[in-house]
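Student: Quick one: this structure, given as structure tokens, is what I'll be asking you about.
The values are calculated or read from the model by the stated rules, or taken from the named source; none is laboratory data. Worth saying up front: this structure is predicted, and the values here are computed from it rather than measured. Positions of Cβ are generated from backbone atoms using ideal geometry, with glycine treated the same way; all protein chains shown enter the neighbour counts.
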């Protein structure tokens, strides 16, 4: 504790000195700033999370990163209840020491890191899963031609049923109302302890580049979406639902926001719309929602997760079977879907996997197979999917 307090005091004094220096002398502190930022990235919070995987098999994850991402992985991995031990903030090399000492006790390691660091640890037995996936929707066609999926048709049906309309505003009072009574209640109710809410000040910094599109149900504002204009492609920056009310969600307010955003941006002459960020797991509800409305994935931030199996336990296997994801494979966004070999016996099985998990913009879907018939199964991939699907051995990931 004494060392930590001294370190904090030294950092505070250094920051104060830097702020008081004339601008033309601050370059003297650039090496210090670089070392501080590097050290900040190399110290990381560590948790050990244990419980029963969804198939009721034991699973233990050693997670290093921020708490909200830890909560997200715990939600992915465990059925309902789990236990966790917070080891504390440690240097990165101490993490590997902890793993090597208790390797037989852990099923999986998840390490939050910059993709540049991942290259140092890159191996065929680990994956780099981006924290978030970005994507765009083509809105260049006639509005009627864009309404082609069942999801689109459901959105239109609900809009008509509840007589929803939209208004666009730039009034400060409306932004304040949106942030406090729509955005915050919605994101905290929907995502709970995995939410990354923007602060009021962060949102206000960018309002000059934004439009607020509000959804009206008769005379009541029931939701809104903040559109931000960056470069040539406008982006859906944040959604909001009045008081986080689930009745408005059931009425289709989110679908109305997406549809009216397209209508409005087309009126302004735009051909594409960025759909904001989504988690990189292919069963994630938000990602699936956007996929059904024409999403094409096309980028990710630098931060992501190194995910590496540490044992060939049933729990580890169950985690991969239940959680297909998008990962970086030679700098290309690639899907990874894990299946048992008896789940692939016909072309229909491949067609279902493709329908469920392929998203426009992915370089391909790699199907990781548990079993011994990898070569035989490769031969039954339908010819129309040969450039979009590959068979890989999941067993090799668990070999030491």
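Student: When you scan segment 286-294, do you find a residue that is touching a helix residue (DSSP H, G or I) at 6+ places or on another chain (Cβ under 6 Å) and modelled with pLDDT of 95 or more, even just one?
Tutor: Scanning segment 286-294, I find no residue that is touching a helix residue (DSSP H, G or I) at 6+ places or on another chain (Cβ under 6 Å) and modelled with pLDDT of 95 or more, so the answer is no.
Student: Return the only residue of 129, 109, 139, 87 being outside the structural domain of residue 55 (by TED's automatic domain parsing), under 26 Å from the mean Cα position of the chain (by Cα) and either surrounded by 15 or more Cβ atoms within 10 Å (Cβ to Cβ) or within 29 Å of residue 313 (Cβ to Cβ) (or both).
Tutor: 139
Student: Name every residue in segment 231-255 that is over 15 Å from residue 178 (Cα atoms) and out of contact with any helix residue (DSSP H, G or I) (no Cβ under 7 Å at 6 or more places or on another chain), in order of residue number.
Tutor: 231, 232, 233, 235, 246, 247, 249, 250
Student: Considering (1) more than 30 Å from residue 259 (Cα to Cα); (2) at pLDDT 95 or above, say which one residue 124 fails and leave the rest.
Tutor: (2)
Student: Hey, among 393, 383, which residue is free of Cβ contacts under 8 Å to residues at least 12 places away in the same chain and more than 20 Å from residue 131 (Cβ to Cβ)?
Tutor: Step by step, each of 393, 383 is checked, and only 383 is free of Cβ contacts under 8 Å to residues at least 12 places away in the same chain and more than 20 Å from residue 131 (Cβ to Cβ).
Student: Looking at (1) touching a residue at least 12 places away in the same chain (Cβ under 8 Å); (2) closer than 30 Å to residue 305 by Cα; (3) assigned by TED's automatic domain parsing to the domain that holds residue 171, which is the one condition that is false for residue 287?
Tutor: (3)
Student: Please report, ordered by residue number, the strands (runs of 3 or more DSSP E) entirely within segment 58-148 with at least 3 residues that are closer than 27 Å to residue 396 by Cα.
Tutor: 58-64, 108-114, 127-130
Student: Let me ask you something else. Which condition number does residue 283 fail, the rest of (1) closer than 29 Å to residue 177 by Cα; (2) in a loop (DSSP other than H, G, I, E, B) being met?
Tutor: (1)
Student: Among 283, 303, 308, which is the only one that is surrounded by fewer than 21 Cβ atoms within 10 Å (Cβ to Cβ) and at pLDDT 95 or above?
Tutor: The unique qualifying residue is 283.
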